[in-house]
Amino acid sequence: QVQVVESGGGLVQPGGSLRLSCAASGSIFSSYFMAWYRQVPGNQRELAASISRGGNTNYANSVKGRFTISRDNAKNTVFLQMNSLKPEDTAVYYCNAVVPNGGYGGPSRYWGQGTQVTVSS
């Protein structure tokens, strides 16, 4: 069982910046595929950004150019740097870890508890 914990959410003004952190347990963190999702009440959860074990990144069109995902394998931590924030970015942000199962079946997916980001003046 992998534990995933997000932190860094809060209230920020439009145009401001915020950095989210996600810590995931495990001795093979460097092999995890990591992603940030976000969800507005009443809407489906959507992928915002992801990063592979090799550091390759992908972003939703809605955040591309404004958000940056990165990882520090030595600290078992993934970050989401959010710049030029808009009110539309307001959501609960969830960290997701996709953990390999050593070739036995498919990978396992683990979710954090979420952290609230509110962009408002």
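The values are calculated or read from the model by the stated rules, or taken from the named source; none is laboratory data. Bear in mind the structure is a predicted one, so any value in this text is a computation, not a measurement. Ideal geometry is used to build each Cβ from the backbone, glycine not excepted, and the neighbour counts take in all protein chains shown. We work out accessible area using only protein heavy atoms, side chains counted, and drop any ligands, DNA or RNA first. Shrake-Rupley method; radii C 1.70, N 1.55, O 1.52, S 1.80 Å.
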*Under the Karplus relation 6.51 cos²θ - 1.76 cosθ + 1.60, θ = phi - 60°, what is the ordered set of whole-Hz ³J(HN,Hα) values for the stretch 8-20, x standing for Gly and Pro?*
x, x, x, 9, 9, 7, x, x, x, 10, 8, 10, 9
*Work out from phi, with θ = phi - 60° and the Karplus expression 6.51 cos²θ - 1.76 cosθ + 1.60, the ³J(HN,Hα) of each residue of the stretch 43-48, listed in order in whole Hz, and give x for Gly and Pro.*
10, 7, 5, 10, 6, 9
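About its Cα centre, what dipole magnitude does the chain give when the only charges are +1 on Lys and Arg Cβ and -1 on Asp and Glu Cβ, stated in debye to the nearest 20?
With Lys and Arg at +1 and Asp and Glu at -1, about 160 debye.
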*Can you tell me the accessible area per residue over the stretch 65-104, all protein chains present, probe 1.4 angstrom, in square angstrom?*
45
*Multiply the residue separation of residue 90 and residue 25 by 0.36 nm, subtract the distance between their alpha-carbon atoms, and state the gained length in nm to one decimal.*
20.7 nm
_Rounded percent of accessible protein surface that carbon and sulfur make up, the stretch 14-121, 1.4 Å probe_ = 47
*Work out the charge dipole of the chain with +1 on the Cβ of Lys and Arg and -1 on the Cβ of Asp and Glu about the Cα centre, then indicate which of 78, 57, 117 is farthest towards its positive end.*
57
*How much length is gained if the chain between residue 47 and residue 13 is pulled fully straight, taking 0.36 nm per residue apart and subtracting their Cα-Cα distance, in nm to one decimal?*
10.0 nm
*Whole-number percent relative contact order across the chain, with pairs defined as alpha carbons under 8 Å at least 6 apart*: 35
*Can you pull the Kirkwood radius for the chain, inverse mean 1/r over Cα pairs, to one decimal in Å?*
14.5
*For the stretch 30-37, in order, what is each residue's ³J(HN,Hα) by Karplus, 6.51 cos²θ - 1.76 cosθ + 1.60 with θ = phi - 60°, in whole Hz (x at glycine and Pro)?*
4, 8, 6, 8, 10, 8, 10, 10
*What residues of the stretch 13-37 lie in the reach of a label at residue 57, counting those whose backbone N is under 14 Å from a point 7 Å from the Cα along Cα→Cβ?*
18-21, 34-36
